[in-house]
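The values are calculated or read from the model by the stated rules, or taken from the named source; none is laboratory data. Keep in mind that this is a model prediction, so the values were computed, not measured. Neighbour counts run over all protein chains shown; Cβ positions are idealised from the backbone, glycine included. Note: areas computed on protein heavy atoms with side chains; ligands, DNA, RNA excluded. Shrake-Rupley method; radii C 1.70, N 1.55, O 1.52, S 1.80 Å.
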Amino acid sequence: MISDLVFLAAEGGESLPLEEEPNVLLPAWYDIVWSLVAFVILLIVFWKFVLPMVKMVVAARTEKIEGGIERAEAAQREAKEALDKYNEQLAEARGEAAKIREDARLQGQQILTDMKADAQKESDRIVASGQQQLDAQRQQIVQELRSDLGNQAVSLAEKLMGEQLSDSVKQSGTIDRFLADLDKVSGPGQK
């Protein structure tokens, strides 16, 4: 409204004494003062409320990022330790496997040696048993041959002498003498 009055007064050709041409680049002093008051109030509000919240958010983000970096580094260290431990266990397992293979090979050789020794013992036992059976059969055959030979000798002697040698004591003595003589003739190394 004031501007309308000023405009009307200027139309009438009158000029007001306090009126100057306004400077377009420089605003009025009351605009500057109120603008400064509003700016200071906004600055105080910003300084008191907004800036601390921004600092808190920035600090939280910084802490979160640093914590994330620390967690990532810790996880990386743990992963490296786990890898080292795994490699160590793998090396131990390979060593154990080699030892088990070597033990199994040695046990196999020992079993083979034991089996050969057992087989040799069994073979020796069978040979000894066979030898004993042969000796027993030989003795039996020798006894049977001596008995048959003695009986044949008595029969032959009866025919030659013309008398009966049926007495068992006489017959036994005659047979023993004949066999002893036969052993002397055949020699001590022969049987």
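Projecting label points 7 angstrom from Cα along Cα→Cβ for Ser172 and Ile141 puts them 2.7 nm apart.
Debye-formula intensities of region 84-162, expressed as log10 I(q)/I(0) at q = 0.12, 0.18, 0.19, 0.25 Å⁻¹, are -0.68, -0.87, -0.90, -1.04 (one equal scatterer per alpha-carbon, no solvent).
Based on protein heavy atoms only, region 106-165 ends up with 84 Å² per residue of surface accessible to a 1.4 Å probe. Taking the square roots of 5 times each eigenvalue of the Cα gyration tensor of region 45-89, largest first, gives ellipsoid semi-axes of 42, 4, 4 Å. Shape descriptor for region 37-143: Rg over Rh equals 1.91 (Cα atoms; Rh from the Kirkwood inverse mean 1/r).
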